[in-house]
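Input: a single structure, listed below in structure tokens.
The values are calculated or read from the model by the stated rules, or taken from the named source; none is laboratory data. On a predicted model such as this, the values are computed, not experimentally measured, just so you know. All Cβ positions, even for glycine, are placed from backbone atoms using ideal geometry, and neighbour counts span all protein chains on display.
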Amino acid sequence: MHEMPDRPDRRIVVGVDGSESSMAALRWAVAHAKGFDAVVAAVIAWEFPTTFGWVPKPPEEWDFEKIAKEKLADTLEHALPHVGHVGVRSYVRKGHPASVLVDFARGAELLVVGSRGHGGFAGVLLGSVSQHCVTHAPCPVLVVRGTGT
């Protein structure tokens, strides 16, 4: 389990991966956070890439955590250009996105995820991460479909 940083009592956790679906989830969470009197915790997870059980040794210059931080910052800028980042805190965690989000959602008011992100199964209606969160999260889960606000 990941240790959570100091946080206010009320949080809305949002899974971010740079997809349109996660941007819609982020916009929804920010728009509704005031009604919950909560801050938004925008969380991105990263893992070393694997292919069919084989873990390639990444080149020394690849910094997956840095890449995830940049993706999160870019997503915030794209999703919230007019709102800004007031009340949004960014978190980058190593691990599988579904596990990271479920762990991070402990004590949260709500977990918000997109319906499909950058997973490998484009034809699945409800992505594997969102499906895992719906069935395992310790708080209510909202799955945002589409790209609207």
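Things to note:
- Residues of the stretch 11-49 classified as of a type in the set (D, E, K, R), at pLDDT 90 or above and farther than 17 Å from Arg93 by Cβ, total: 2
- Residue list for the stretch 82-139, filter: modelled with pLDDT under 90, assigned to a loop (DSSP other than H, G, I, E, B) and closer than 13 Å to Asp17 by Cβ: Ser115, Arg116, Gly117, His118, Gly119, Gly120, Gly127
- Restricting the stretch 76-92 to residues that are in contact with a helix residue (DSSP H, G or I) (Cβ under 6 Å, 6 or more places away or on another chain) and crowded, with 20+ Cβ neighbours inside 10 Å, the residue that is nearest to Leu142 (Cα to Cα): Ala79
- Selection status of Phe64, closer than 14 Å to Val112 by Cβ, surrounded by 14 or more Cβ atoms within 10 Å (Cβ to Cβ) and modelled with pLDDT under 90: no
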